[in-house]
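Worksheet: one structure, shown below.
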Amino acid sequence: GVKLLLHGLCSNTTVKCLDLKGNNLRTMGAEALGKLLRQNKSIRSLILEWNSLGMWEEGFSFFCQGLGANNVLQQLDLRNNQINHQGAGELAMALKQNISLQELDLRWNNIGLLGGRALLNCLHSNKTLKRLELAGNNVPGDILKAVERAMDHNQDRQTILSETQNRTYILSKEVSSLKDEKTKQFLDLMDTIDKQREEIARSGRMSAARVSQLQEALDEQHSIMNSLRAKLQMTEAALTLSEQKVHDLGELLNATKQEQISIAERHFMELQQQKQEGADREGKLLCDLSAASEKNLLLRNQVDELEKKCKVQQGQLFQVKQDLTNTTAELKLRAVQAEERLEMEKKRFKQSLEDVESLRVKELDHMTQHIEASERSMQDRIQRLEAIRIALEEELSKVKAAAVAERGQADEELIKVRNQARLEEQQRLEHLEDKLRLMTESRDEAQNCCLKQKQMVAEAQAKVNQLSLHADGLRRRLEELQQDLNSKEEEKVTEVNKVKLELQEQIGHLQAERTAQEGLREKIASLERQLKAVSSNHREALLDKEGEISMLLEKLRMKEAEISRVREEEAQRASFLQNAIMAYVQGSPLGTHSYRK
């Protein structure tokens with residue numbers, strides 16, 4: 001009845017606890033229990049009190065093999081089952097292979113000293129068992145104390161593992177949150193950079209509009225100068241005509257003098273009258289000359305005042321030039337300083353990246369070497385196991401068909417264990433490769449950020465150069481205007497008044513340009529502040545990334561330690577399987593003979 005019940009429970013997935021206390025199970029029931037433990041994946045608690053399983057050696061050994069292959073059972077009660085030291089040894093071999101059992105109750109059996117030692121030796125490889133009851137088994141007190149220590153050590157280890165798992169989960173959450181924050185910071189930086197670009201484009205447009213306005217004003221001044229030149233040409237032509245008239249009048253005067261000399265005797269009275277008239281005319285002319293001289297003095301004074309005002313305006317223009325040169329020099333110095341800072345940050349970032357890459361290459365080499373060594377050791381062990389298996393097959397060919405079936409099952413279990421170990425190693429390697437890919441992607445993102453910042457700095461330098469070229473063009477135009485003004489200082493008074501008005505208008509335009517240049521200086525200072533803030537943010541981002549890299553390196557080291565521990569456990573399990581097969585092969589003929597007896 002137990003065999004049928006357990007056969008039905010092999011495929012069940014809902015039963016969690018099975019109580020078979022006091023059912024007088026025999027060899028068939030023990031074998032059915034072993035099969036159940038191999039196939040069932042849901043039972044967590046099994047109670048077998050008062051069944052005398054230790055009396056049936058073959059059945060109990062099959063039960064222990066099933067227990068070693070099970071990875072789900074957590075509680076096992078074997079009280080009052082007449083288990084001797086041999087059964088305790090088989091239980092110890094099963095506990096070396098089992099990785100899920102946490103509580104085992106063996107009270108009131110016949111384990112003795114040898115069985116207690118076997119159980120104590122198996123606890124060195126079993127790291128999951130937390131409670132082992134051995135009261136009423138004639139086990140010495142020192143062995144019981146050692147077992148309690150091992151149980152305490154396993155409990156501490158389980159608590160540490162749970163804490164480490166919780167910490168890793170918390171750290172993964174923190175890393176994900178940090179990544180999200182960094183992505184947000186990066187997006188904010190990109191937005192600020194776009195805003196700065198828009199502001200720079202606006203300032204460029206404003207400067208272009210102002211330059212166009214200046215060009216229009218200069219064109220107007222050129223047209224005015226051309227009109228003045230035309231007027232000068234007209235005045236020169238009028239002066240030439242007046243000179244010709246004066247020359248003609250002189251000739252006429254000479255002719256009249258000759259006529260007066262020839263007719264002096266005839267018309268002396270007329271000459272006296274003419275002399276009086278000439279004297280009157282000379283007095284009038286002298287008055288006109290004195291008035292003209294006064295007018296000339298007034299004009300000269302006005303010209304001197306205009307020259308002084310022109311000199312003052314030249315001094316103001318010279319100061320404006322000096323201010324422009326100082327601003328261009330300051331801009332160049334700041335651009336050079338920004339380039340040097342960027343180069344220093346590039347060097348530091350490159351060094352950090354090179355260190356990370358060298359560490360990653362070293363760790364990969366170390367991992368590949370460890371993996372190759374483990375694969376070689378596994379291959380050697382597999383070859384040895386295959387040689388032993390061939391020898392055992394030759395010996396076991398003489399035994400019953402049941403032993404052959406059991407051996408086949410053991411081989412299948414070995415193959416499953418190997419495949420599981422290989423799959424676990426491949427999954428861990430893939431996990432590490434994914435982490436390395438993420439590291440390389442973060443490095444590429446940081447390099448792209450550096451390149452974008454370089455492009456921004458280059459664009460700012462190009463705009464500064466364009467502004468300096470515009471300033472040079474304005475200086476040249478101002479020099480040309482000064483030359484034109486110096487060449488036309490000797491013009492008439494009426495035209496000088498017009499020139500005064502034009503100069504006042506130009507001074508107003510220059511003051512407006514100066515105010516615009518001061519606004520540009522303020523914008524440049526604000527842009528430099530923004531660049532400093534961006535560089536500081538970039539440095540903080542680099543420091544955060546270095547902290548993340550160190551955290552990831554620590555995680556990689558922890559994972560390497562876990563991999564090495566798992567490899568050691570797998571090697572121990574393989575050795576335990578080999579010992580179990582050897583013990584089974586050596587003990588199977590004895591078991592059959594005892595059964596026959």
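The values are calculated or read from the model by the stated rules, or taken from the named source; none is laboratory data. Computed from a predicted model, the values in this text were never measured in an experiment. All Cβ positions, glycine included, derive from the backbone under ideal geometry; neighbour counts span all protein chains shown. Surface areas here come from the heavy atoms of the whole protein model, side chains and all, with no ligands, DNA or RNA. Shrake-Rupley method; radii C 1.70, N 1.55, O 1.52, S 1.80 Å.
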What spacing in nm lies between the two simple spin-label points modelled at Lys257 and Gln213, each 7 Å away from Cα in the Cβ direction?
-> 6.6
The alpha-carbon center of segment 413-452 and that of segment 490-566 are separated, in whole Å, by 41
Where the accessible area of the chain is counted over protein heavy atoms with a 1.4 Å probe, how much of it, in %, is carbon and sulfur?
-> 54
So who's got an amide H within less than 5 Å of the one on Leu18, skipping anything under 5 residues away but keeping other chains? H placed 1.01 Å off N, in plane.
-> Ser45, Leu46, Ile47
Over 21 Å (Cα to Cα) among Lys96/Lys130; Lys184/Lys545; Lys96/Lys416; Lys231/Lys308; Lys182/Lys435 -> Lys231/Lys308
Note: Leu503 to Lys398 extended length (0.36 nm per residue) minus current alpha-carbon separation gives 25.1 nm
Given H placed on each backbone N at 1.01 Å, which residues far from Asn12 in sequence or on other chains put an amide H within less than 5 Å of it?
-> none
Positive dipole terminus of the chain, leading residue within Ser162, Ile388, Ala329 (C-beta point charges) | Ile388
Taking each full run of DSSP H in the chain as one helix, which ones are at least 27 Å long along their axis (Cα atoms) and have mean Kyte-Doolittle hydropathy of at least -1.0?
-> 141-262, 268-396, 401-487, 493-596
Euclidean distance between Cα centres, segment 99-167 to segment 6-55, Å = 22
What size of dipole, in debye to the nearest 20, comes out for segment 1-139 about its Cα centre when the only charges are +1 on Lys and Arg C-beta atoms and -1 on Asp and Glu C-beta atoms?
-> 360
Cleavage-rule hits, GluC sites (Glu not before Pro), segment 243-280, DSSP coil, Cβ neighbours within 10 Å at most 11 | Glu265
Out of (1) 108, 61, 48; (2) 198, 43, 42; (3) 112, 75, 48, which label holds the value of Cα extents along the principal axes in Å that was computed here?
-> (2)
Dipole magnitude (debye, nearest 20) for the chain, charges at Cβ of Lys, Arg, Asp, Glu | 3240
Averaged per residue, the 1.4 Å probe accessible area of the chain, protein heavy atoms only, in Å², is roughly 65
